[in-house]
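Inspection log for the structure reproduced underneath, given as structure tokens.
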Amino acid sequence: MAAQGKKEHLYKILVIGDLGTGKTSIIKRYVHQFFSPHYRATIGVDFALKVLNWDNSTTIRLQLWDIAGQERFGNMTRVYYKEAVGAFVVFDVTRLSTFEAVQMWKADLDNKVLLPNGKAIPAVLLANKCDLASEGFLGNINQLDDYCREKGFHAWFETSAKENIGIEEAARSLVAKILENDETIDHPQPDGDGIRVGEEDGRAPKKTKCC
Amino acid sequence: MDVGHWGRQSIILREARPIDPDVALEQRLSAERGAGGLQLGEGVGKDRRKDKEKGKGKGKGKRKEEGNGGQEVVRGAEAAQNDVSASPRDGAGLSTFSDIPSENGERGRRRVKEEDHYGFLYSISEADKHYTPKVAVETSRIREQKWLDMFAKWDVWMGPKKHKLKERCRKGIPSSMRGRAWQYLCGAHDLLLKNKGLFDHLVSQRDTEIVLNVIDKDLDRTFPSHVLFAKDGSQGQRDLRLVLKAYAIHDPKTGYCQAMAPVAATLLMHMTAEEAFWCLVQICEQYLPGYYSPGLHAFQIDALILKDLLRKYLPVIDRFMDSKLPPNPDESSHKKGLDPVLYCTEWYMSIFSRTLPWPSVLRVWDIFFFEGVKVLHKTALAMLSLAFHSPSDRAECKEFFNLTRRLRDMSVSITHEDVLIPAVVRDEYSGSVSKNEAYSSAREEKMMRSSLKSTIERCLNSERIVIVDSLNYIKGYRYELYCLSKHVKTPQCILHCDVSPDVALTWNSSREDETERYAPDVFDSLVMRYEKPDSRNRWDSPLFVVYPQDPLPAEDILSSLLHRKPPPPNLSTQSQPLSSADFLHDLDRKTQEVVSHVLQAQRTALPGDITLVSCGPRLQQQAPPTSSRYHGRAASAEETVH
């Protein structure tokens, strides 16, 4: 697959969020470039692969884990989360309850999976179904910025799987963050924890000042 | 498999009576559920017990002591594989995969072209998944009549004749009878009669939160490609809502799990909402208890069991799944081991209804309703075995993603009912262990020998000739096999390839595949332990001795199997008496149940009331699963309370 001199990365990315928020739709849109209003509810976990030509020298393969949204499958999330390096947390802008559940998903994530350096894995918040106009929180973008900072999200995006809005951007942003993490992890100094923390702080103070 | 070329011998059995092969698997399954990692076949357990009872004078145990002293070393048992009704198919190929998965669920994108035999709408591209099964009209007429006859005398068929019933379920229930048959098989039929009105009552309750938030979201994404559920607000969707709502209210602890929707929908394709509800109750409470409850604990246990079964029966595939598939160069830390829990969730929880082509789904369900949860394991094993049997199949799935894709979109060459179902109902799975591994310790050998024996026992049916070419270099084991054949009243013979140890040694070292060679120490100890067959022993006779340059006396062997009288039965090989040992205890227990029921009824009932006592139609019969929360099955005793 890789041409000579080309770097290749394989990343495991989780897609989580309450049921019916459109996780599968987002993945289908992102990977297969199409949308259907009718997907089957995901039972357990489903997989998809997206290959990105990041730049001339890097190919990135994203292994997307589409995880069932119903709470009771959450019991098995420990297995699903293992060794993930990034996550999308999805909510449905037309249903407040799915937004409220975001916190829970994020907490679950931070509880069960960490980067090799002990940090939380980067997570991007997706406000899906933005084509279905919503009254509440979308109006207040600053507020969502604050929310992300407070909850430890790397960034957030308005998305619509139907209209193909925001998904590519969100993915790029997450991948960029993962690559950045990768660099710090790939060349670790034996006891370099302290140094990395310093770097981290210097580099992305605005976006990932998680609690 | 052979015991070195120098001492190759076979015991050939042909038996006349089928033995229920399921008992063994069932016991093994339950043993594995209970004992975690312990992977013992039924035979092994027995042998162990026997060893403990050594000297207590129990016929078999004693004989064993004489024969083997419990110390002999045994080796590997691939031989049991030699009579397999359906062998795994190779070369499934990746041809059906495209980047766009062809799932039932993605209707929007697809031009709907036709409606198949089962009511699924499909496009031409999917045509291979929607073939119509070919059962001759006449055959299905005959089968229908048989089923009608069975419905009329259901208790008899669930009782003494249940082996026959099982066979008929395995052959496939005629589609016109399917709905009714499922209800009868799972006991939903009785429940419905005994709890008339409950469904309507449940349905008339107010919608709970779970109904509004979750169930309603799933209605239009459950089999949207089926005519019944295709249109929003269609009768099918309304029924589905009723059934799921009724269950959520009926069992608030479990509520609604998304995997229940396809199960309920499958039922609704064959019966009314109320009937489907009671079948769902039976599935959730009797067949798969705990599968759908919030923790999904029972399912997770079954996923672990599948893992164990894989390790035991398909060790190559298990290792393949576990192996770290070659990761990308810079990602060496990624483990790609694929645990069953990652792929069997949908299989098990939706009872394969979202995984297999529809004709296969129905066949699996037919068997499932009779045989229960083990059918899930059997189906999973059959699919995995068919999909990854050949090295080339495995080579194609080096990458994690290819592997998961193949697991999700199984090729029709695997899931077609004519391929899959025979593989599901075949009962021979044998552990395969390499020669040297099997001889590594006395314990290992003993286990292999026991499981080989029980496999042989299970393989027996009226039409088969069983060739056992392993582990029988020990006199005592040949005697045991002789008893097996005697037990089923069929002749046997011994074929002995007489080769000197020196020649055998050269043959062994000239084997091309190094893993196929015996290690020197193993070889030596085998030579030392070897017990040559002797035609004066009744268990070693008739004995055919062949030398390397001789032609095989095939004719004689065949006639000794087909035209010779079986050895006369004796007491130790007679079949067990029909009533089990705990019959008295059982009788006592049931009597107490009846009495206590009567007493209780006397306390609460009004004069003239009729009370039904539920204790099953026959004491010995294993009634189908019935929830004790409702009135039990047909009552056998009626008590009038004064």
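Values quoted throughout were computed directly from the atomic coordinates according to the rules given, and no laboratory measurement underlies them. Since the structure is predicted, the reported quantities are computational estimates derived from the model, not experimental observations. For neighbour counting, all protein chains shown are included, and Cβ atoms are generated from backbone atoms with ideal geometry for every residue, glycine included.
Okay, here's what the table says:
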| read-out | value |
| --- | --- |
| Net dipole in debye of region A:1-77 [+1 Lys, Arg Cβ; -1 Asp, Glu Cβ; about Cα centre; nearest 20] | 160 debye |
| Protection-proxy order for peptides B:379-391, B:351-363, each taking the mean of Cβ atoms within 10 Å per residue, highest first | B:351-363, B:379-391 |
| Cα centroid of region A:13-48 to Cα centroid of region B:534-561, whole Å | 65 Å |
| Net dipole in debye of region B:446-574 [+1 Lys, Arg Cβ; -1 Asp, Glu Cβ; about Cα centre; nearest 20] | 900 debye |
| Among B:VAL281, B:ALA152, B:LEU268 - extreme Cα towards positive end, dipole of region B:131-282, charges at beta-carbon | B:ALA152 |
| Sparse-neighbourhood loop sites, GluC sites (Glu not before Pro) in region B:499-544 - DSSP loop, at most 13 other Cβ within 10 angstrom | B:GLU512 |
| ³J(HN,Hα) computed for each position of region B:343-350 - Karplus, 6.51 cos²θ - 1.76 cosθ + 1.60, integer Hz, glycine/proline x | 10, 8, 4, 5, 4, 6, 6, 9 |
| Integer Hz, Karplus 6.51/-1.76/1.60 couplings in order for region B:380-387, x for Gly and Pro | 4, 4, 4, 5, 5, 5, 5, 7 |
| Sequence-distant residues sharing a close amide H with B:HIS496 (under 5 Å, placed H) | B:SER10, B:PHE544, B:VAL545, B:VAL546 |
| Convex hull (Cα only) mean projected area of region A:48-87, reported in nm² to one decimal | 3.3 nm² |
| 3J(HN,Hα) from dihedral phi, region B:441-454, Karplus parametrisation 6.51/-1.76/1.60, rounded to Hz, x for glycine, proline | 8, 4, 5, 4, 4, 4, 4, 4, 5, 5, 5, 5, 4, 5 |
| Spin-label model distance (nm) - B:ILE465 vs B:LYS161, 7 Å beyond Cα toward Cβ | 3.5 nm |
| Net dipole in debye of region B:498-570 [+1 Lys, Arg Cβ; -1 Asp, Glu Cβ; about Cα centre; nearest 20] | 560 debye |
| Residues with amide H under 5 Å from that of B:LEU612, placed H, sequence gap 5 or more | none |
| Placed amide H near A:GLY17: partners under 5 Å, 5+ positions off or other chain | A:VAL90 |
| Region A:60-150: relative contact order as a whole-number percent, Cα under 8 Å and 6+ apart | 30 percent |
| Label-point separation in nm, B:GLU114 to B:LEU212, each point 7 Å along Cα→Cβ | 4.5 nm |
| Centroid-to-centroid separation of region B:157-184 and region B:379-397 [C-alpha atoms, Å] | 31 Å |
| Test item: A:49-62 mean partner chain Cβ contacts at 10 Å | 1 |
| Inter-label distance for A:ASP146 and A:ALA176, nm, one decimal - labels placed 7 Å from Cα along Cα-to-Cβ | 2.5 nm |
| Between region B:473-520 and region B:195-245, the alpha-carbon center distance in angstrom | 62 Å |
| By average C-beta atoms within 10 angstrom, highest first, the peptides B:555-565, A:150-160 | A:150-160, B:555-565 |
| Too-long pairs where the Cα-Cα distance tops 20 Å, listed order kept, from B:LYS307/B:LYS374; B:LYS162/B:LYS489; B:LYS171/B:LYS378; A:LYS12/A:LYS50; B:LYS166/B:LYS590 | B:LYS162/B:LYS489; B:LYS166/B:LYS590 |
| Peptides B:170-176, A:77-83 ordered by average Cβ neighbours within 10 Å, highest first | B:170-176, A:77-83 |
| Shielding by partners - mean other protein chain Cβ count within 10 Å, residues of B:444-456 | 0 |
| Other protein chain Cβ atoms within 10 Å, averaged over every residue that makes up A:67-76 | 6 |
